[in-house]
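Structure in structure tokens, see below.
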Amino acid sequence: MYTKPLNEATLKLEQGINALVSSKYNPFYYHGALPQFYLWVLYLSGLLLFAYYIPTIDNAYDSDKLINAWTSVDYITNHIPFGAIIRGIHRYAGDAMVVTILLHMLRVWFTDRYRQYRIVEWLSGVVLLALVLFIGQTGYYLVWDDRSLLLTRMTCSALDAIPLVGQGIKTWFLNGTEVTNYTMANFLFIHIGLSFTLLFGLWIHYVRMTRPVLTPPPVINYILFALLLLVVAWFPIESGKMADLNAQPTSFEVDWFFLWPYWLLTFMQPAIYWLALAAGTVVLCLLPYFVRTKPVEPAEVLEKNCTGCSLCARDCPYQAIVMVPAPVTSRFKLLAVVKPYRCSACGVCVGACAFDAIDLPNMLDSDITAQIKSLAQG
Amino acid sequence: MPDDKGPVAKIFCLLTVVFAAGCLLMALFMPWAELGLPATPPGPLQALAGLYGGGQGLIQAMVRAAQTDKNFPFYVYSSFLGLAMIAGAIALNFVGREETEKTVLPTKK
Ligand code: SF4
Ligand code: SF4
């Protein structure tokens, strides 16, 4: 299979890190939890910024007593103790989240853990990545410097190019027909509202996992946060000039983690840009279907042996077993039923059942034990 | 890294803890200075202040940087706390690593 060399390289790298830091603290074994850690950091730092942020554009550009989004960000950065640090943490935690999501995605792809019974995780992951990118972009509008203005205008002209619904989406985006204070309120609402929607997306992402790893161990958390502190200190962030609606900014500094779609827009017709984005998303979603392998043969319950003890359902890593009321002819109350599309044929339930009531087709218990033994000893 | 806690690992662990403590101390001296507290701290801290006073050149460079960017002290705290956390994590990696993991296969039925 084409991912085999990539899988081998990933496993080699992981072994190398194991030699350095022991498997207990190998970040590769918490690859799904790393972005989640940065999500908590983003929520917390965002809450602190929200306490001071004022979502208006107040266009009286020359006023001395101007209070708007840009001045509030400036106040946070230059007048509140540690404000620059909190702002930096929020910004770089976003970047780090994208990096760790990409690592997570590559890892599950390279190790072939994204298909078949894991399809819900993959598809919800693609949607979550798109959401994270969009939320990050809305963060750039909120600063309300000349880059924010340019990005807002680029978004509007790109939306204009979408037939039928483009105008409607643009009106929703601007919260009107032009940039006003309501626009900033909308940007803030989208930024915060969608951030909490991520939690719902994560629930779908985890719903088929019995024991998802949600938090890395403290040692890894320290390192993740420490790296953030160092980057914040060594690469301080600065806002550009305050946005002036009468000005025509033409260039902007690209944050490659979030703003690459705008970079694409600079040399693509909007219609081609949307097609390219849609095609990229569809290819990502269909990736699991490009590989043909033989279908999983799910575990089977032998009804006459099942006592309804539920041990298999509790142990199944993929939530593939449900307990249903047993038929009236049974002397037990419950019966285990396997949902075949969720089953990975991992054999955990066979090990869990003390009554020989669940089996993998074409595989004897003794075969499974032999396989486990050889894996554990090899 | 060795699996057992041999002498090299112990020395490395000790150095890491000392480094982490140094970073924390450095980070704590900054608010001390910023709050305008006495340049010579009282009692037993004087010895430490003497050590700290050894790096006059470094301090002057920091003061100059602080004059040009008023967020500079915050970036210094941030750096030292970051370094301390990394050192702490390295120390924990030594202290907290498990003994050799064993896979026990239960005999079934
Ligand atoms: S083999 Fe058993 S434990 Fe493994 S996924 Fe299928 S039902 Fe769950
Ligand atoms: S562990 Fe065995 S007996 Fe218990 S519910 Fe599952 S299949 Fe039935």
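The values are calculated or read from the model by the stated rules, or taken from the named source; none is laboratory data. Computed from a predicted structure; not experimentally measured. As a convention, Cβ positions derive from the backbone with ideal geometry for all residues, glycine included, and neighbour counts pool all protein chains shown. Heads up: the accessible areas ignore ligands, DNA and RNA and are worked out on the full protein's heavy atoms, side chains in. Shrake-Rupley method; radii C 1.70, N 1.55, O 1.52, S 1.80 Å.
For the pairs A:Lys170/A:Lys241; A:Lys241/B:Lys70; A:Lys12/A:Lys339; A:Lys24/A:Lys294; B:Lys10/B:Lys70; A:Lys333/A:Lys373, note any where the Cα-Cα span goes beyond 29 Å. Show your work: numbers first, answer last.
Values: A:Lys170/A:Lys241 25 Å; A:Lys241/B:Lys70 19 Å; A:Lys12/A:Lys339 34 Å; A:Lys24/A:Lys294 34 Å; B:Lys10/B:Lys70 41 Å; A:Lys333/A:Lys373 35 Å.
Those over the limit are A:Lys12/A:Lys339; A:Lys24/A:Lys294; B:Lys10/B:Lys70; A:Lys333/A:Lys373.
In the protein assembly as shown, with Lys and Arg counted as +1 and Asp and Glu as -1 at Cβ, which of these residues, A:Tyr140, A:Val337, A:Ile85, has the Cα nearest the positive end of the dipole, that is, farthest along it?
Result: A:Val337, furthest along the dipole toward the positive end.
Take every Cα pair under 8 Å in chain A that's 6+ residues apart, average their separations, divide by the length, and report that relative contact order as a whole percent.
18
Across 10 Å bins from the origin, how do the percents of Cα pairs in the stretch A:300-377 run, short distances first?
Calculated over all Cα pairs of the stretch A:300-377, the distribution is 20, 51, 25, 4, 0 percent.
Sticking with this structure for a sec: What's the angle, to the nearest 10 degrees (0 to 90), between helix A:218-234's Cα axis and the longest principal axis of chain A?
20
State, to one decimal in nm, how far the label point of A:Ser366 lies from the label point of A:Glu253, with both points 7 Å from Cα in the Cβ direction.
Going by the 7 Å Cα→Cβ label model, 7.0 nm.
Could you run the Karplus curve 6.51 cos²θ - 1.76 cosθ + 1.60 with θ = phi - 60° over the stretch A:3-18 and give me ³J(HN,Hα) per residue in whole Hz, x for Gly and Pro?
Karplus values, whole Hz, x for Gly and Pro: 8, 4, x, 5, 4, 4, 4, 4, 5, 4, 4, 5, 5, x, 5, 4.
Also: Between A:Leu335 and residues 5 or more places away or on another chain, which pairs have amide H atoms under 5 Å apart, with H built 1.01 Å from N, and which residues are they?
Long-range HN contacts for A:Leu335: A:Val324, A:Ala326.
Can I ask one more? So if I average 1/r over every pair of distinct C-alpha atoms in the stretch A:4-290 and take the inverse, what Kirkwood radius in Å does that give?
20.6
Is any residue of the stretch A:193-235 close enough, with backbone N under 17 Å, to a label point placed 7 angstrom from the Cα of A:Ser330 along the Cα-Cβ axis, and if so, which?
Zone members listed by number: none at all.
When the gyration tensor of the stretch A:120-194 is built from Cα positions, what are the square roots of 5 times its three eigenvalues, in whole Å, from largest to smallest? Provide the component values of the computation, followed by the final result.
Values: eigenvalues 98, 52, 25 Å².
Largest first, the stretch A:120-194 gives 22, 16, 11 Å.
Which whole-number percent gives the relative contact order of the stretch A:277-339, counting Cα pairs below 8 Å spaced six or more residues apart?
In percent, rounded to a whole number, it is 30.
Given the Cα-Cα distance of A:Lys12 and A:Thr281 and 0.36 nm per residue of separation, how much length would full extension add, in nm? Mind showing how you got there, number by number?
Values: separation 269, 0.36 × 269 = 96.84 nm, distance 3.00 nm.
Roughly 93.8 nm would be gained on extension.
Ok, one more. Report, as an integer, the average count of C-beta atoms from other chains found within 10 Å of each Cβ along A:352-362. Kindly include the intermediate steps, with their values, before the conclusion.
On the way: counts 0, 2, 2, 1, 2, 0, 0, 0, 0, 0, 0.
Average per residue, whole number: 1.
Could you provide, to the nearest whole Å², the per residue accessible area of the protein assembly as shown with probe 1.4 Å?
56
Tabulate in residue order the Karplus-calculated ³J(HN,Hα) for the stretch A:112-121, using 6.51 cos²θ - 1.76 cosθ + 1.60 with θ = phi - 60°, rounded to whole Hz; enter x for Gly and Pro.
6, 10, 9, 10, 6, 5, 9, 4, 4, 4
Using 1/(1 + (r/R0)^6) with R0 = 41 angstrom and r between the beta carbons of A:Ala19 and A:Glu300, what's the FRET efficiency to the nearest 0.05?
Once the sixth-power term is evaluated, E becomes 0.50.
If the chain between A:Thr71 and A:Lys373 were fully stretched, how many nm would it gain, using 0.36 nm times the residue separation less the Cα-Cα distance?
Separation in residues times 0.36 nm, less the Cα-Cα distance, equals 102.2 nm.
Then there is this: Can you tell me the relative contact order of the stretch A:300-377? Whole percent, Cα pairs under 8 Å, sequence separation 6 or more.
35
Separate question: Say R0 is 35 Å: what FRET efficiency, to the nearest 0.05, do A:Trp263 and A:Trp203 get from their beta-carbon distance?
The value I calculate is 0.60.
I've got another one for you. Rounded, prolate or oblate, given the Cα gyration tensor of the protein assembly as shown, with a/c below 1.5 counting as rounded?
It comes out oblate by the Cα gyration axes.
Kindly report, to the nearest 10 Å², the accessible surface of A:Val254 as traced by a 1.4 Å probe over protein heavy atoms only.
For A:Val254, the solvent-accessible surface is approximately 40 Å².
Would you kindly calculate the translational diffusion coefficient of the stretch A:220-331, applying Stokes-Einstein with the Kirkwood radius from alpha carbon pairs, for 10 °C and a viscosity of 1.306 mPa s, and quote it in µm² s⁻¹ without decimals?
Translational diffusion coefficient: 73 µm²/s.
Helix A:146-160 against the longest principal axis of chain A: what's the angle in degrees, Cα atoms only, rounded to the nearest 10?
Tilt relative to chain A: about 70 degrees.
Can you pull out the chymotrypsin sites (Phe, Trp or Tyr not before Pro) in the stretch A:68-103 that DSSP calls coil and that have at most 11 other Cβ atoms within 10 Å?
none
Averaged over peptide A:227-238, how many Cβ atoms belonging to another chain are found within 10 Å of each residue's Cβ?
5
Could you please state how large a percent of the accessible area of the stretch A:300-377 is carbon and sulfur, counting protein chains only and using a 1.4 Å probe? Present the calculation step by step, with values, prior to reporting the outcome.
Values: 2770 of 4720 Å².
With neighbouring chains kept in place, the figure for the stretch A:300-377 is 59 percent.
Further question on the same structure: Buried accessible area between A and B (1.4 Å probe, both chains summed, ligands and nucleic acids excluded), in Å² to the nearest 100? List each step's numbers first, then the result.
Working: alone 21230 and 8500 Å², together 27280 Å².
Adding both sides of the contact gives about 2500 Å².
Report ³J(HN,Hα) in whole Hz for each residue of the stretch A:86-96, in order, from the Karplus equation J = 6.51 cos²θ - 1.76 cosθ + 1.60 where θ = phi - 60°; Gly and Pro get x.
Per-residue couplings from phi come out as 5, 4, x, 4, 4, 5, 6, 5, x, 4, 5 Hz.
What fraction of the Cα pairs in the stretch A:1-56, stated in percent, has a spacing above 14 angstrom?
Numbers: 1074 of 1540 pairs.
Cα-Cα pairs of the stretch A:1-56 separated by over 14 Å account for 70 percent.
Can you figure out the FRET efficiency of B:Lys70 with A:Leu194, using R₀ = 41 Å and their beta-carbon distance, to the nearest 0.05?
0.75
Using amide H atoms built 1.01 Å from N in the peptide plane, name the residues 5+ places from A:Ile358, or on other chains, whose amide H lies under 5 Å from its own.
It is A:Leu302, by chain and number.
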